Amino acid sequence: GSVVNRGNGFGDGVAAGTMSAPPPPRPVPSSSPPLSVVVLAWGNLAHTQRCVESVRRHTDVDHELIVIDNGSGPDAADYARLAADRAVLNPENLGFSRGMNQGLEVARGEYVAFCNNDIVLPPTWASKLVDTASERPRAGIVVPAVTAESSSTGTAAASTEAPSVVTGARVNAS
């Protein structure tokens with residue numbers, strides 16, 4: 001994967017034994033996957049690990065995983081660098097909008113899914129969103145339902161129910 005290191009030394013190496021779990025295996029994405037999954041992380045390595053695992057396990061279309069680490073500690077930044085196909089490692093928290101825009105800048109997919117690191121994605125989530133978007137070419141945004149927070153993990157879960165669609169929106173390519 002590629003890394004965009006926006007700081008001073010974050011992600012330069014992994015100290016032995018500092019991560020609680022290795023990242024899941026990465027399939028090799030195509031040079032222009034239909035879907036880019038952008039995960040914004042700021043701290044809470046356990047959330048990021050669960051999120052990445054759910055992306056790798058339940059994303060049923062060719063995709064690339066982009067992790068934006070917004071100034072987390074070295075363990076979380078190292079995990080992002082190892083787990084992502086493409087990683088952006090910020091030395092400080094640049095905020096939600098700027099972090100997501102950084103992900104959009106490096107995304108190569110026709111469609112982009114924006115996720116916080118506290119989401120756990122269910123099976124078939126990606127094909128349902130991509131199918132919904134491709135069936136509605138005038139849609140500016142397709143949004144999945146998000147179910148109640150899981151009490152055991154403190155994470156939200158996306159639903160496999162039909163996504164909501166906003167039509168008539170314009171997206172500028174420039």
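The values are calculated or read from the model by the stated rules, or taken from the named source; none is laboratory data. If you're wondering where the values come from, they're calculated on a predicted model, not measured in any experiment. Every residue, glycine among them, receives a Cβ derived from its backbone with ideal geometry; neighbour counts consider all protein chains shown. Keep in mind that these areas ignore ligands, DNA and RNA; they rest on the heavy atoms of the full protein, side chains included. Shrake-Rupley method; radii C 1.70, N 1.55, O 1.52, S 1.80 Å.
Things worth noting here:
- Taken over region 60-85, the criterion of being surrounded by fewer than 22 Cβ atoms within 10 Å (Cβ to Cβ) and not small (Gly, Ala, Ser) is satisfied by Asp60, Val61, Asp62, Pro74, Asp75, Leu82, Asp85.
- Looking across Val142, Val166, Val88, one residue alone is at pLDDT below 90, crowded, with 16+ Cβ neighbours inside 10 Å and not in a loop (DSSP other than H, G, I, E, B). It is Val142.
- Residue count, region 41-59 (criterion: surrounded by 24 or more Cβ atoms within 10 Å (Cβ to Cβ) and either among the small types (Gly, Ala, Ser) or closer than 18 Å to Glu105 by Cα (or both)): 1
- Residue within region 53-75 that is of a type in the set (Lys, Arg) and farther than 22 Å from Pro122 by Cα present: no
- Residue match in region 69-76 (condition: under 20 Å from Pro144 (Cα atoms), at pLDDT below 95 and in a helix (DSSP H, G or I)): no
- Residue count, region 113-134 (criterion: farther than 20 Å from Gln49 by Cα and open to solvent by less than 70 Å² (accessible area, probe 1.4 Å)): 6
- Options Asn117, Asn93, Asn70: the member that is over 26 Å from Ser32 (Cβ atoms) and touching a helix residue (DSSP H, G or I) at 6+ places or on another chain (Cβ under 7 Å): Asn70
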